[in-house]
Amino acid sequence: MGELPVTLVDSFGRIHRDLRVSLTDRCNLRCTYCMPEDFGAWTPNAHLLTRAEIVRIIRVAVECGVSAVRLTGGEPLLHPEVVDIVRDIARLPNSPKIALTTNGLLLERLAGPLANAGLDRVNISLDTLDRQRFVEITKRDRLKDVLAGIAAAQEAGLTPIKINTVLMRGVNDAEAADLLRKAIDHGWSLRFIEQMPLDAGGIWSRATMVTAADTLQLLVREFDLEPTGGRGSAPAEEFLVDGGPATVGIIASVTQPFCGNCDRLRVTADGQVRNCLFARSESDLRGILRDPLLAEDLRDEAIGGVLGASVQSKLAGHGIKDPLFVQPARPMSAIGG
Ligand SMILES: C[S@@+](CC[C@H](N)C(=O)[O-])C[C@H]1O[C@@H](n2cnc3c(N)ncnc32)[C@H](O)[C@@H]1O
């Protein structure tokens, strides 16, 4: 093997330690802010990376300094080998912290096996506690499964359980305080995420999105919130609730971007590196992994080179506030949230 870059550092000095890998673009929900119900632009199966290809990229990334890997999608638990992939990652030399973002539908069955395989923790998406509203938002009647999945994850020790909630005006924003109360009661760490312009249906609107400031206003009616400060590269601003120890996070991706501390790099399920959720370009790893003319012992170096070059070309920020901002061609489900 040849030389690999020791760390993934961009031209602004940001060291990249956090790799988000999408296992699939398929999903078993159809959240309105992510994917239209009749979405059909799926990645062809032949383009999806295999387990060995996924783990190889992660191994090289770890050799380049990545210390945290998050598996996402689409819905990562739909990948038939998700448990094996977690085990493979956990067995890597200098194995990274392994987290997974999921809608929780399949967690009741998989939480135990995933924890045994080496998964450290999960983020679970939950936008409402109301069954009818869950159907309205996700187009599936599966709230019960999500709640069972969260309980199973807690039981399996995949803690702290982080719950991701996207508030939408007139849909679930009135539930903000109830969600926080439920989270506190169950020991979940709740984070509200601003809706971003990444949906395949193009329904996002700057004018109607629920901002972090709106969310704070909704919460302070019922709770005393105090910023904890010092969030480092974490996207969420944390607040102590009613003096603690419970906290709540608010991720203001749109209105108060945290790009200056960004240490994240993404690989899509079809093997494309993206240095930002909102990147307009990608770098191809699938071609390197499958190039029959590339000598096997040069492949890792080539993968490391593409990761390094992608990081090197990262822009200072995502530019959503720029009037000329253009939404990326790929929706969130195909990038990996
Ligand atoms: C794309 S999903 C993928 C993982 C998994 N299927 C899940 O539901 O968590 C990851 C996260 O992105 C969030 N998300 C999807 N579209 C979004 C958007 N347009 N703005 C903000 N968050 C979004 C989801 O709510 C979820 O918490």
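The values are calculated or read from the model by the stated rules, or taken from the named source; none is laboratory data. Keep in mind that what you see is a predicted model, and the values were worked out from it rather than measured. Neighbour counts are summed over all protein chains in view; Cβ atoms, including those assigned to glycine, are modelled from backbone coordinates with ideal geometry. We work out accessible area using only protein heavy atoms, side chains counted, and drop any ligands, DNA or RNA first. Shrake-Rupley method; radii C 1.70, N 1.55, O 1.52, S 1.80 Å.
Working from the Cα coordinates of segment 102-197, the gyration tensor eigenvalues give, after taking √(5λ), semi-axes of 23, 14, 12 Å in decreasing order. Legend: P(r) of the chain from all alpha carbon pair distances, 10 Å bins from 0, whole percents, reading 6, 26, 36, 25, 7, 1, 0. With a cut-off of 19 Å on the backbone N, the residues of segment 107-135 near the modelled label site 7 Å out from Glu37 along Cα-Cβ are 127-128, 130-135. Projecting the Cα atoms of Gly229, Leu114, Val311 onto the dipole axis of the chain, where Lys and Arg carry +1 and Asp and Glu carry -1 at the beta carbon, places Val311 farthest toward the positive end.
Rounded to the nearest 20 debye, the dipole size of segment 40-128 about its Cα centre is 240 debye, using +1 on the Cβ of Lys and Arg and -1 on the Cβ of Asp and Glu. Between the residues Ile58, Thr247, Leu167, the greatest Cα displacement towards the positive end of the dipole of the chain, with unit charges on the Cβ of Lys, Arg, Asp and Glu, is found for Ile58. Scaling the Cα radius of gyration of segment 263-329 by the globular reference 2.2 N^0.38 Å produces a ratio of 1.27. Annotation: extensible slack from Asp322 through Lys144 equals 60.0 nm (criterion: 0.36 nm per residue apart, minus Cα-Cα distance). Got a number for carbon plus sulfur as a percent of the chain's accessible area, 1.4 Å probe? Carbon and sulfur atoms account for 52 percent of the accessible area of the chain. Calculate, in whole percent, how much of the Cα-Cα pair population of segment 218-262 lies beyond 15 Å. Everything past 15 Å amounts to 44 percent.
Here the Kirkwood formula puts the hydrodynamic radius of segment 81-127 at 11.0 Å, using every distinct Cα pair. Per residue, the chain exposes 43 Å² of accessible surface when a 1.4 Å probe is rolled over the protein heavy atoms with every protein chain present. Under the simplified labelling scheme, the Asp178-Val135 pair shows an inter-label distance of 1.6 nm, with each label point 7 Å from Cα along Cα→Cβ. Full extension of the chain between Phe12 and Arg109 gives 30.6 nm of extra length, using 0.36 nm per residue less the Cα-Cα distance.
Magnitude of the charge dipole for segment 10-166, about its Cα centre and with charges confined to Cβ atoms of Lys, Arg (+1) and Asp, Glu (-1), is about 260 debye. Overall, the ratio between the Cα radius of gyration of segment 193-238 and 2.2 N^0.38 Å, rounded to two decimals, is 1.43.
Tell me, rounded to the nearest percent, the portion of alpha carbon pairs in segment 218-322 spaced more than 17 Å apart. Cα-Cα pairs in segment 218-322 separated by more than 17 Å: 64 percent.
Rounded to the nearest 20, the Cβ-based charge dipole of the chain about its Cα centre (Lys and Arg +1, Asp and Glu -1) stands at 180 debye.
Net length available on complete extension from Glu226 to Ala329 is 33.3 nm, with 0.36 nm assigned per residue and the Cα-Cα distance removed.
Can you tell which of Phe325, Leu285, Ala302 lies farthest toward the positive end of the dipole of segment 260-337, using +1 and -1 charges on the Cβ of basic and acidic side chains (Lys, Arg; Asp, Glu)? Among Phe325, Leu285, Ala302, the one farthest towards the positive end of the dipole of segment 260-337 is Phe325.
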